[in-house]
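Below is one structure, written out as structure tokens; the observations come after it.
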Amino acid sequence: MMTGVKIGIIGGTGLDDPSVLESRQELTVSTPFGNPSDVLITGTISGVQCVLLARHGRKHSVLPTDVNYRANIWALKQQGCTHLLVTTACGSLQKEMVPKDIVVLDQFIDRTTKRQQTFYDGKPGSPAGILHIPMAEPFCPQTRAILSKSADELGVKTHPSGTMVTIEGPRFSSKAESKLFHSWGADCINMTTVPEVVLAQEAGIRYGALGLVTDYDSWMDDIPHVDVQSVLTVVKTNAKHGLDIIKNAIPKIAAEDWSETIQQHSDMVKCSTMLPH
């Protein structure tokens, strides 16, 4: 087991229950970018150090646009997290992605408009320079492979790859928008993957995400369109499966040697940062 592996878990809708952790403690923190969505809850899963954070707050009181993504990722980085395993409820944009399925994300399309997507903003407390972070592979391939293997072991119906469209929200898509995203070949749609995955890449944290499919958005004409009640009906089942996958994956992640991968990423960030002359 690699010394120093620590897993951050960002729970989305339906997966932010602290009881998953053993020996848990609450930790209130602040960052140069403000306060995270809620307290951090530290503890262990299968003997591995973990930190849980509710993306929308434990009372689900924070709008997708208003989530302080920078503070959330920075706080988890401050706690020494080397990996992030996250869940996100999402709509399906393709017929084969059936509600209650889980998608191990590998790509995104950003349709947000109001969110800070970098720590390197030139303000006091921020890292120096401007970072042009590569984003060809936003989700860690090794972490994704472990999540997929864990899902297979548990018999959970999972798609090993998928492209997520992230919209601003909090409204759902119009039918015209949904049909457009479907025509692009994207697989899922949500309101939170961006900028979370981008900031994790900047922070050098290995990021893996499970898309918990709850509905068919509004691109299909022959089924009811998405609404809050339809999402909540499915999300409890999905959240349990997502949690089971994460719990299965954590000891597998801790058993691998990540030192070379983490060093390569650190070198990439340095090479991609333009410092003031």
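Consider Pro195 carefully, then state whether it is assigned to a loop (DSSP other than H, G, I, E, B) and either under 21 Å from Asp244 (Cβ atoms) or not β-branched (Val, Ile, Thr) (or both).
On the way: assigned to a loop (DSSP other than H, G, I, E, B): no; either under 21 Å from Asp244 (Cβ atoms) or not β-branched (Val, Ile, Thr) (or both): yes.
Spelling it out, it is not the case that Pro195 is assigned to a loop (DSSP other than H, G, I, E, B) and either under 21 Å from Asp244 (Cβ atoms) or not β-branched (Val, Ile, Thr) (or both).
Across segment 246-256, which residue is most open to solvent (accessible area, probe 1.4 Å) among those that are in a helix (DSSP H, G or I) and over 14 Å from Ile10 (Cα atoms)? Let's see the steps before the verdict.
Just the residues of segment 246-256 that are in a helix (DSSP H, G or I), to begin with: 246-255.
Filter again for over 14 Å from Ile10 (Cα atoms), leaving 248-249, 251-255.
Working: Asn248: 39, Ala249: 0, Pro251: 45, Lys252: 50, Ile253: 0, Ala254: 1, Ala255: 69 Å².
The qualifying residue most open to solvent (accessible area, probe 1.4 Å) is Ala255.
Kindly provide the set of residues from segment 106-133 that are part of a loop (DSSP other than H, G, I, E, B), more than 20 Å from Trp74 (Cβ to Cβ) and open to solvent by less than 60 Å² (accessible area, probe 1.4 Å), ordered by number. Show your work before the answer.
Filtering segment 106-133 for residues part of a loop (DSSP other than H, G, I, E, B) gives 106, 112-129, 132-133.
Narrowing the set further to residues that are more than 20 Å from Trp74 (Cβ to Cβ) leaves 106, 113.
Answer for segment 106-133, where residues must be part of a loop (DSSP other than H, G, I, E, B), more than 20 Å from Trp74 (Cβ to Cβ) and open to solvent by less than 60 Å² (accessible area, probe 1.4 Å): just Asp106.
Can Val269 be described as β-branched (Val, Ile, Thr), open to solvent by less than 30 Å² (accessible area, probe 1.4 Å) and in contact with a helix residue (DSSP H, G or I) (Cβ under 8 Å, 6 or more places away or on another chain)?
When the stated conditions are applied, Val269 passes them.
Can you tell me which condition Pro141 does not meet? The list is (1) over 27 Å from Asp215 (Cβ atoms); (2) touching a residue at least 40 places away in the same chain (Cβ under 8 Å), and all the others hold.
Of (1) over 27 Å from Asp215 (Cβ atoms); (2) touching a residue at least 40 places away in the same chain (Cβ under 8 Å), only one is false for Pro141: (2).
Which one is least open to solvent (accessible area, probe 1.4 Å) among residues in segment 1-60 that are outside any strand (DSSP E or B), among the polar types (S, T, N, Q) and modelled with pLDDT under 95?
Thr13
Could you please tell me which pairs satisfy a Cβ distance under 6 Å, a separation of 6+ or placement on different chains, a first residue in segment 192-214 that is surrounded by 24 or more Cβ atoms within 10 Å (Cβ to Cβ) and among the hydroxyl-bearing types (Ser, Thr, Tyr), and a second residue that is modelled with pLDDT under 95 and in a helix (DSSP H, G or I)?
From segment 192-214, the pairs are Thr214/Val231; Thr214/Val234; Thr214/Val235.
Among the candidates Leu180, Leu154, single out the residue that is open to solvent by 30 Å² or more (accessible area, probe 1.4 Å) and either over 30 Å from His132 (Cβ atoms) or of a type in the set (Val, Ile, Thr) (or both). Before the answer, list the steps.
Details: Leu180 fails: either over 30 Å from His132 (Cβ atoms) or of a type in the set (Val, Ile, Thr) (or both).
The match here is Leu154.
For every residue, the table says whether it meets (1) of a type outside the set (Gly, Ala, Ser); (2) open to solvent by less than 20 Å² (accessible area, probe 1.4 Å); (3) part of a strand (DSSP E or B).
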{"residue": "Val62", "(1), (2), (3)": "yes, no, no"}
{"residue": "Ala75", "(1), (2), (3)": "no, yes, no"}
{"residue": "Gly80", "(1), (2), (3)": "no, no, no"}
{"residue": "Thr87", "(1), (2), (3)": "yes, yes, yes"}
{"residue": "Lys100", "(1), (2), (3)": "yes, no, no"}
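Tally time: how many residues in segment 134-147 are open to solvent by 60 Å² or more (accessible area, probe 1.4 Å) and either in a loop (DSSP other than H, G, I, E, B) or modelled with pLDDT under 95 (or both)?
2
The values are calculated or read from the model by the stated rules, or taken from the named source; none is laboratory data. Computed from a prediction, not measured in an experiment: that's the story for all the values here. Cβ: placed from backbone, ideal geometry, glycine included. Neighbour counts: every protein chain shown. The protein model used for the area step is the full one, side chains on, heavy atoms only, and it has no ligands, DNA or RNA in it. Shrake-Rupley method; radii C 1.70, N 1.55, O 1.52, S 1.80 Å.
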